[in-house]
Amino acid sequence: MKNKRFPYYLLYIFLACTGCTTDDDGIGEDPEYTLRIPSHFPVPPEYPDNPMTTAGIELGEKLFFDTRLSGTNTVSCGTCHQPPLAFSEGSRLSVKGVSGKPLLRHVPTLINMAWADNGLFWDGGSTNLESQAFAPLAHEDEMFQNLDELITELREDPEYVSYFRRAFDSDIRINLVMKALAQYQRSLVSADSKYDSHIENGTPLTAIEKQGHQLFKNHCATCHTPGLFTDNDYHNNGLDATFGDTSHDEIYLGRYRVTRNREDLGKYKTPTLRNITVTAPYMHDGRFADLRSVLDFYDRDVQDSETLDPALKQNNRSGIALSEEDKSALIAFLHTLTDKTYVR
């Protein structure tokens, strides 16, 4: 196999010097794409440097599932972000990267990414989707691709040459690869669950689903804000009491790794609960195999620390008091967030 190493320090220099700002890039002749914005969703941020077009989204989808994006030509973005699992991967720590070694964090879902405007990855280490893909492309345990060689491979494919010309009125360049991938991911809107039908059309919930909905509003909605079911913010939800493991570039310290603010120790990004029933296991490290284990944790195993979220300090205890009936009702409600048109 050819040497495809692309050292991280060179990657960061590349990002700092060139980034993804491209004033000289056109958007082709394709009209802008109209993103679906459900009535009970907030207005998404605008991305004026990368307006969505049908051609750009089609190109991004083609790239997303192309194994040529990996150094071994065996792994695509879709290898770990699988549509039937709401673009998650299904294992605690994936071993599907080119090295076969387990990753250090659980593969996150890709749902309603057009609204993700407060950092990406579990600690917010990437600013936006246009820059996010550089990390898995370069990581030796994920795709481990040399960016120059990737562009050479794509330029050898006449179909890709045509796609880039149509989407960006340009030849193939790495920043445009990132723009196309970002456009495709922002087009992935999930808003056709039973819950959505209940909110928009009055579709009735069952008695246990109603009970779970009320419990959800009482205990969970502060961080898992409807209708995205995430606040796109960072919280310490009590998984650990101490944060002394600084190995692997401080990956176990949470948001602190990025901000260097001690108030961010142990904080991770709130995942969306949409399609949660098909995206097990759970948490940033995949430590819980099922939803019952998650609710058992919030009931009796939340670890106190200086940065524990105040919402988890109730009635002179850490955690949320939940009966077994409460847990069953909450799980029933969470099932109403499954979008069968999205999980395909």
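The values are calculated or read from the model by the stated rules, or taken from the named source; none is laboratory data. Since this is a predicted model, take the numbers as computed values, not measurements. Cβ sites come from the backbone with ideal geometry, for glycine too, and all protein chains shown count toward neighbours. Each accessible area value is taken on the protein alone, full model and side chains, heavy atoms only, with ligands, DNA and RNA left out. Shrake-Rupley method; radii C 1.70, N 1.55, O 1.52, S 1.80 Å.
Let's see how each residue does on (1) at pLDDT below 95; (2) in contact with a Cys (Cβ under 6 Å, 6 or more places away or on another chain); (3) more than 30 Å from residue 197 (Cβ to Cβ); (4) not β-branched (Val, Ile, Thr):
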| site | (1), (2), (3), (4) |
| --- | --- |
| 278 | no, no, no, no |
| 285 | no, no, yes, yes |
| 293 | no, no, no, yes |
| 307 | no, no, yes, no |
| 322 | no, no, no, yes |
| 327 | no, no, no, yes |
| 330 | no, no, no, yes |
| 342 | no, no, no, yes |
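Counting only residues that are open to solvent by less than 30 Å² (accessible area, probe 1.4 Å) and not in a helix (DSSP H, G or I), which one in the stretch 62-79 is nearest to residue 117 (Cα to Cα)?
If we filter the stretch 62-79 for residues that are open to solvent by less than 30 Å² (accessible area, probe 1.4 Å), which is where we start, we get 63-64, 66, 69-71, 75-78.
Among the residues that remain, those that are also not in a helix (DSSP H, G or I) are: 66, 70-71, 75-76.
Values: 66: 26, 70: 27, 71: 30, 75: 27, 76: 24 Å.
So, considering only residues that are open to solvent by less than 30 Å² (accessible area, probe 1.4 Å) and not in a helix (DSSP H, G or I), the one nearest to residue 117 (Cα to Cα) is 76.
Where residues in the stretch 215-241 are within 22 Å of residue 339 (Cβ to Cβ) and in a helix (DSSP H, G or I), which of them is farthest from the chain's Cα centre (by Cα)? Break it down stepwise before answering.
Taking the stretch 215-241 and keeping what is within 22 Å of residue 339 (Cβ to Cβ), we get 215-217, 220-221, 223-232.
Pick out the ones that are also in a helix (DSSP H, G or I) and you get 215-217.
Working: 215: 26, 216: 22, 217: 23 Å.
Looking at residues that are within 22 Å of residue 339 (Cβ to Cβ) and in a helix (DSSP H, G or I), I get 215.
With the stretch 242-344 as the region, which helices (runs of 4 or more DSSP H) entirely inside it contain at least 2 residues that are open to solvent by less than 20 Å² (accessible area, probe 1.4 Å)?
291-300, 324-335
I need the full set of residues from the stretch 194-220 which are charged (D, E, K, R), closer than 24 Å to residue 37 by Cα and open to solvent by 10 Å² or more (accessible area, probe 1.4 Å), in order please. Before you say what the answer is, go through the steps one by one.
From the stretch 194-220, those charged (D, E, K, R) are 194, 196, 200, 209-210, 217; that's our starting set.
Checking the rest, the ones that are also closer than 24 Å to residue 37 by Cα come to 194, 196, 200, 217.
Passing the criteria: 194, 200, 217.
I'm checking my understanding of the structure. Among residues of the stretch 221-241 that are of a type in the set (A, V, I, L, M) and under 30 Å from residue 197 (Cα atoms), which one is surrounded by the fewest Cβ atoms within 10 Å (Cβ to Cβ)?
My answer is 221.
Got at least one residue in the stretch 38-61 being open to solvent by 20 Å² or more (accessible area, probe 1.4 Å), part of a loop (DSSP other than H, G, I, E, B) and at pLDDT below 75?
no
Just the residues that are assigned to a helix (DSSP H, G or I), touching a residue at least 40 places away in the same chain (Cβ under 8 Å) and either under 16 Å from residue 334 (Cβ atoms) or hydrophobic (A, V, I, L, M, F, W, C) (or both), please, taken from the stretch 183-209.
194, 195, 196, 198, 199, 208, 209
Among residues belonging to the stretch 184-193 that are crowded, with 19+ Cβ neighbours inside 10 Å and more than 14 Å from the chain's Cα centre (by Cα), point out the one that is farthest from residue 126 (Cα to Cα).
Among those residues, the one meeting the criterion is 193.
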